[in-house]
Every structure is written in C-alpha cells, then in structure tokens.
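Working notes for the structure below.
Just so it is clear, none of the values below were taken in a lab; they were calculated from the coordinates. As the structure is a prediction and not an experimental result, all values here were calculated from the model. A quick note on method: Cβ atoms are made from the backbone with ideal geometry, for glycine too, and the neighbour counts reach across all protein chains shown.
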Amino acid sequence: MTDTNVLLSVTGLTKHFNINNSWFSKPLLLHAVDDMHFQLHRGETLGVVGESGSGKSTLARLLLKLIPATAGEVNYQGRNILPLKESQSGYLRKDMQMIFQDPYASLDPRVKIGNSIAEPLREHKLYHRKEEVLERVGSMLERVGLQREMVNRFPRGYPTLGLSRYVCICRRTPPSRKYNKSLERRKSE
Ligand SMILES: Nc1ncnc2c1ncn2[C@@H]1O[C@H](COP(=O)(O)OP(=O)(O)OP(=O)(O)O)[C@@H](O)[C@H]1O
Ligand SMILES: [Mg+2]
C-alpha cells in the first residue's frame, strides 16, 4: 500500500558528470550524487548537510529537473517525474522552487524588489487582480520581517546579503490549495 503522506520519494538517485573535456578519450566521471534514497513526508522539513562539493546543490537541481539524472527515480506525489517532458512537468514549477545561494546572482539589479517578487505570481497566474498581487507581495515581505515599503526599492540598495536572501525567499510562490488542505488535516490529527 502506498503511503499518501509521502510527498517526495527518492530512489537510487545518481548523477555523474563527465569532467574529461576531450571528445576523443574515455570519459572521466565525477560521482556528484551516488545512489541516494530518502523520503519526505507532507509538512516535513529535510536538511541536507555536507562539506563543499559533496553534491547538495546537484541534488536540488536533480529534484527540480534542472539537470538530467544518470539513474534513479524521483517520485513526487506518487509519480516519477524524471521521465516527464517539459510540457508535462510545468506544474512542478509552482510546487518546487529553489532559493539560490547567491541572491545577487538571482535578483536583477534593475528590477524593483516588488516586481521581482510579483513576477512568479504573474507567471503562474496565481492572482488575477493587481491589488491581489500587491497584497501577496506586501504580506510576504512582512512575513520575513521586511517592510512593505521595500517594494519600490532596488536590491542593490540593501547592503547586507541577508536582506537580499529574504527577498529571494519571498519570490517563492504559495503552495497549492491541495497542499494547504492536507497540511491543515495533518495539524488537526
Ligand atoms: N555541471 C557540472 N559539471 C561538472 N562537475 C560539476 C557540475 N556541477 C557540479 N559539479 C561537481 O559536482 C560536485 C558536487 O557539487 P555541488 O555544487 O553539488 O556541491 P555542494 O555540496 O552544493 O557544494 P557547496 O557546499 O560548496 O555549495 C563538485 O565536485 C562539483 O565540482
Ligand atoms: Mg551548493
């Protein structure tokens, strides 16, 4: 019987990079992620800890299908997402997002903070009215301890890396209603 509380189930996930630049000699494989297995239940938080170069970012990229896996399965809500084509896996972009390590590289210095946070909401058509988008952007800023007035500022105006990182956290889209409902159910159990 499948456990419906398992959100993400990873089996034998493997990524080898060929680090031999020459086309004519044998590939030289770097084992960035090797035969990884884990499960993530709804409402759970999972931390992956390891020294620099141990494969944490590669694992995240594999889960988001930003790079192809060498082997293994990633089952999201019971479906192996790795073989899905881009046209079939677009729905994942709403549910799975990455907060990049280097906020300066992921925030466009010419785009105001408010527009930067609103962009994924518009892209995924999560809100239709301008006021709804503005409200969501403002409430996300407040939720991470920033002021609503920041919507009109540019990211470069913020000297500390920490603040820019909070802006990146605000850019993630809200979880789907289905996910929220299952969380509420779990809390009331
Ligand atoms: N595109 C690539 N081509 C070749 N090798 C790569 C590629 N991406 C990552 N690697 C290598 O894979 C290994 C794992 O890298 P990764 O960035 O996943 O480590 P990390 O645990 O996130 O490190 P850090 O803590 O420094 O962020 C490293 O040896 C890295 O050099
Ligand atoms: Mg990393």
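Rounded to the nearest 10 degrees, the angle from helix 177-188 to the longest Cα principal axis of the chain is 90 degrees.
For the chain, the Cβ-based charge dipole about the Cα centre amounts to some 600 debye (Lys, Arg positive; Asp, Glu negative; other atoms uncharged). Model label points for Glu123 and Thr70, set 7 angstrom from Cα along the Cα-to-Cβ axis, are 3.0 nm apart.
Using only the alpha carbons of region 78-118, what is the convex hull's orientation-averaged projected area in square nanometres?
If I average the Cα hull's projected area over directions, I get 4.3 nm².
Amide hydrogen proximity for Thr70: with H placed 1.01 Å from N in the peptide plane, the residues at 5 or more positions away or on another chain lying under 5 Å are Thr14, Lys15, His16.
Among Ser25, Ser52, Ser164, the residue with the largest mean-square fluctuation in a Gaussian network model of the chain, with springs joining Cα atoms closer than 10 Å, is Ser25. Listed cross-link partners Lys56/Lys112; Lys56/Lys85; Lys85/Lys130; Lys56/Lys94; Lys56/Lys125 are compared with a 28 Å cut-off, the Cα-Cα value being larger for Lys56/Lys112; Lys85/Lys130; Lys56/Lys125. Compared with the dominant Cα axis of the chain, that is its longest principal axis, helix 113-123 is turned about 60°. The phi-based Karplus calculation (6.51 cos²θ - 1.76 cosθ + 1.60; θ = phi - 60°) puts the 3J(HN,Hα) values of region 100-107 at 6, 4, 9, x, 5, 7, 9, 10 Hz, whole numbers, x for Gly and Pro.
This ranking places Thr45, Thr173 by how few other beta-carbon atoms lie within 10 Å of each, fewest first, which gives Thr45, Thr173. In the elastic network of the chain, a GNM with C-alpha springs shorter than 10 Å, the most mobile of Leu63, Leu121, Leu46 is Leu46.
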